[in-house]
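Asker: This structure is in structure tokens; I'll ask about it shortly.
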Amino acid sequence: MSGLDHPDIAAAYDAVRSDKDEVNWMLISYAAATGNKLSLSKTGTGGIAELAASLDDAQVQYGYVRVQYANDAESTRVKFVLVVWIGENTKVMRKARVSVESGDVKRILSHHSIAITASDRSELEEKDVVAKLRKAGGADYNGGRG
């Protein structure tokens, strides 16, 4: 399945989802070393800002990130976001494969509240992502102020 079945991807996915691991994001990219198959390229502990800084403008990449935010004055929520990155300088044929390929990625990284397709890092500002998570999450008893 184009490299997505590699054990490194599964281990990173489990680490991001784990409450006991400080890794909170992972990035899947194409690598020449793997015969241009998708492979785990990075993980980190700096959240969505660090993930966004790691994206390559000349690639299609798939990020998976844990986002924790205050639901109201007394509680916090943890949600997961799938990022489909299509860099502005990505070759046309690579872009064309995203529609089919992203379905495969979504099956592997299946537990996410929202999926964001982005080509500009400004689309991945944490406050905007949290607003999308709140909207997707339903009840917000603090009127979005939490």
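Asker: With respect to TYR13, determine if the residue is over 16 Å from ILE116 (Cα atoms) and within 12 Å of the chain's Cα centre (by Cα).
Answerer: yes
Asker: Which residues, taken from region 44-82, are without any contact (Cβ under 8 Å) to a residue 60 or more places away in the chain and within 18 Å of ASP14 (Cβ to Cβ)? Working first, answer last.
Answerer: Step one: of region 44-82, the residues without any contact (Cβ under 8 Å) to a residue 60 or more places away in the chain are 44-46, 50, 54, 56-66, 68, 74-76, 78-79, 81-82.
Passing the criteria: GLY44, THR45, TYR62, GLY63, TYR64, VAL65, ARG66, GLN68, VAL78, LYS79, VAL81, LEU82.
Asker: Could you say whether any residue in region 17-25 is under 18 Å from ALA118 (Cβ atoms), open to solvent by less than 20 Å² (accessible area, probe 1.4 Å) and either part of a strand (DSSP E or B) or in contact (Cβ under 8 Å) with a residue 12 or more places away in the chain (or both)?
Answerer: Looking for residues that are under 18 Å from ALA118 (Cβ atoms), open to solvent by less than 20 Å² (accessible area, probe 1.4 Å) and either part of a strand (DSSP E or B) or in contact (Cβ under 8 Å) with a residue 12 or more places away in the chain (or both), one finds at least one in region 17-25, hence yes.
Asker: Ok, one more. If you take the residues of region 120-140 that are at pLDDT 90 or above and basic (Lys, Arg), which of them is farthest from SER18 (Cα to Cα)?
Answerer: The initial filter retains those residues of region 120-140 that are at pLDDT 90 or above, namely 120-133.
Add one more test, that the residue is basic (Lys, Arg), and what stays is 121, 127, 132.
Numbers: ARG121: 26, LYS127: 23, LYS132: 22 Å.
Selected residue: ARG121.
Asker: Would you be able to say whether some residue in region 54-74 is among the polar types (S, T, N, Q) and at positive phi?
Answerer: Of region 54-74, the ones among the polar types (S, T, N, Q) are 54, 59, 61, 68, 71.
Going one step further and asking which of them are at positive phi, we end up with none.
There is no residue in region 54-74 that is among the polar types (S, T, N, Q) and at positive phi.
Asker: Do the conditions hold for THR45, that is, is it at pLDDT 95 or above and more than 18 Å from ASP5 (Cβ to Cβ)?
Answerer: Yes, satisfied.
Asker: Taking the criterion of being over 21 Å from ALA136 (Cβ atoms), of a type in the set (Asp, Glu) and either at pLDDT below 95 or in contact with a Lys or Arg (Cβ under 7 Å, 6 or more places away or on another chain) (or both), would at least one residue in region 99-119 satisfy it?
Answerer: yes
The values are calculated or read from the model by the stated rules, or taken from the named source; none is laboratory data. Everything numeric here is computed off the predicted structure, so don't read it as measured data. Note that each Cβ is placed from the backbone with ideal geometry, even for glycine, and that neighbours are counted across all protein chains shown. The protein model used for the area step is the full one, side chains on, heavy atoms only, and it has no ligands, DNA or RNA in it. Shrake-Rupley method; radii C 1.70, N 1.55, O 1.52, S 1.80 Å.
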